[in-house]
1. What list of ³J(HN,Hα) couplings, whole Hz, do you get for segment 135-142 from phi and the Karplus terms 6.51, -1.76, 1.60, once you set θ to phi - 60° and write x for glycine and proline?
2. Please tell me which of these pairs span more than 27 angstrom C-alpha to C-alpha: Lys165/Lys360; Lys267/Lys360; Lys236/Lys371?
3. Got a number for carbon plus sulfur as a percent of segment 386-485's accessible area, 1.4 Å probe?
4. Using the Karplus equation 6.51 cos²θ - 1.76 cosθ + 1.60 (θ = phi - 60°), what ³J(HN,Hα) coupling, rounded to whole Hz, does each residue of segment 344-357 give in order, writing x for Gly and Pro?
5. Quick one: check the C-alpha center-to-center distance for segment 390-460 versus segment 165-182, whole angstrom.
6. Order the following by accessible area, largest value first: Cys30, Cys450. Probe radius 1.4 Å; ligands, DNA and RNA are ignored.
7. Taking a ≥ b ≥ c as the square roots of the eigenvalues of the Cα gyration tensor of segment 102-143, is the shape rounded (a/c under 1.5), prolate (a/b larger than b/c) or oblate?
8. So, for segment 376-468, what is the accessible surface per residue at a probe of 1.4 Å, expressed in square angstrom?
Amino acid sequence: MAPSLTTLGKLPVVRCRLLQRYEHQPFVSCLAGLYGCQWRRYQRTRATPGDCCGSKLECASFALLIVTFCLTLVFLYFWSEAQNDYNDFDWFNFGNLGFWFPWSVVLLVIAAAFFSYVTLLLLLAVCLLSEGQKLYLHWGHKIGVLVSLAFSILAIAVLSDLCSKEWTTLLLSFQVTAPYLHVGGVLLMTLLSWPIALHFYDINRKVGQLLIMGLYLAVLCALYLVPLGMYSPCLKEEGTLGLAPALIGHRGAPMLAPENTLMSFEKAVEAGGQGLETDVTISYDGVPFLMHDHTLRRTTNVQEVFPNRTDAPAAMFTWGELETLNAGAWFLHRDPFGTAWSLGTEDRAQAQNQSVCTFKDFLELASQRGKQVLWLPSNLRSMVQQLDPDLQHTSASRAPVEELQQNHIVQLNLHYSSMSTEMIIEYAAANISTNLYVISQSWLYSLAWCTGAQSVTTNALQFLNNLSRPLFLMTPGEYNLMWVLTDVVSITIIFIIFIFHWWREQSLAFCSGSKPTLEHGTYIKFRTDVWSVSSVNILGEPARSPLATEPNLATVSEH
């Protein structure tokens, strides 16, 4: 059955209705209210083509918002990847301030709050621009952005000075997160293609179009090609992954018991530790005992028992004096790793009553449990070799292989920031194993596993021992598939979005039969005179005058 004349008359109107860009009043009002505290409708002002932000002040505010977003993101990522060393950072502050507080976690929460705040403002700005609205950032938000920017700059500067090795940690993290950061970056640029396409076709000046498109395409192409320069030891062919690194308890199991106590070493053995690491100090009367710090203030109650000797060197105390100290109550009181809550009643009572441990008691425990003892200090090494030729020696220096072999070194003990696949392979070829310290995060342990490290010293035996395979491990073929598929899907979506907006602009121009105009100083995007597409040609009726009160589309559709 042929369509009726009435149905044919409705088609142009329906087409224009689909093409016409509407103002989403509640949505735009909400955006303007959150971004600029402009909740009343008359405060909203649409932008003219090519005019994005309005005044120079608002343009500068928007640019500042983008810079702040980038810096807060950098700092948040930097400090998130530094979690492996939070304990060292907190104890460093304890030594300087004299009281314990989890500054590292507080800093992470503040960084996340500032990043979330700035990200929300940037998202609101992009949505307003997509709706054709001018930007008017409220002065309160301007102050908030400046505070966020100042915090990020100050935090990066201070931590770069105090924790310079964390930048190396940041670079190491890219070896495992880069493939996923690439996917996230491509996804973000794909989403931005919608507002970019809107403003590209709105701008009347060719220079402006070339600028916005050139910048967008440059960033997009860089993201597409970034994988060409990526390197990750976790990209391995099937069957080439070596054995998991052996786990050595750092001062025992410091997340489960007070460090350098017998309880801590017993917990390390129970948690699957294949080795034990400790620190030895000699008392004033010649008794070797376990203590990491130069003083006793951090891990004993020396301030209560000997208030006048709180900052005295640990080696200046006799063994009789050391025996009177409690070396466990501090662990429950300060809870340095936030894990004390996991201890049962018996474990808490045992931790509460730990005392300073002698080196003799440590050796007896290691012997009973069949654990190796390695000699690390370089001084008196020759004398130690004469006294006990079977004792294996460890070096903390990345010396040439020949020098290490001359000194009978069988293992290197290096900071994890120096891990390198080439270095580990070179030393392994000379039967010198590599131990990396201190690794307590799963991603760092996975990276050490992939690089071929033979062992790692860790605070988190109970967590790392449960990893059955490295995180982020994949074959080169799987990664290439993920890379190519991500880029192809992104290119396809962006192409469709730009084609859609081009078709929409062309169709709107054809439908309205006129160019964009200004009414009362406000930009009306291709204002469609619905009576110009009335049924005059189909029904033979004249079009009504556009000077008459313009009915809405619902009224037209009734004719």
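The values are calculated or read from the model by the stated rules, or taken from the named source; none is laboratory data. What you see is a predicted model, and the numbers here were worked out from it, not measured in a lab. Note that we place each Cβ from the backbone using ideal geometry, even for glycine, and neighbour counts take in every protein chain shown. Please note that ligands, DNA and RNA were not included when accessible areas were found on the heavy atoms of the full protein model with its side chains. Shrake-Rupley method; radii C 1.70, N 1.55, O 1.52, S 1.80 Å.
1. Values per residue, Gly and Pro as x: 9, 9, 6, 4, 4, x, 5, 4 Hz.
2. Flagged as over cut-off: Lys165/Lys360; Lys236/Lys371.
3. About 52 percent, which is the carbon plus sulfur part of the accessible surface.
4. For segment 344-357, the Karplus curve yields x, 4, 5, 5, 5, 5, 5, 5, 4, 10, 6, 10, 4, 9 Hz.
5. Segment 390-460 and segment 165-182 have Cα centres separated by 21 Å.
6. Working: Cys30 60, Cys450 5 Å².
Output order, biggest surface exposure first: Cys30, Cys450.
7. Oblate, since a/c reaches 1.5 and b/c is not below a/b.
8. On the way: 4320 Å² over 93 residues.
Heavy-atom SASA per residue in segment 376-468 reads 46 Å².
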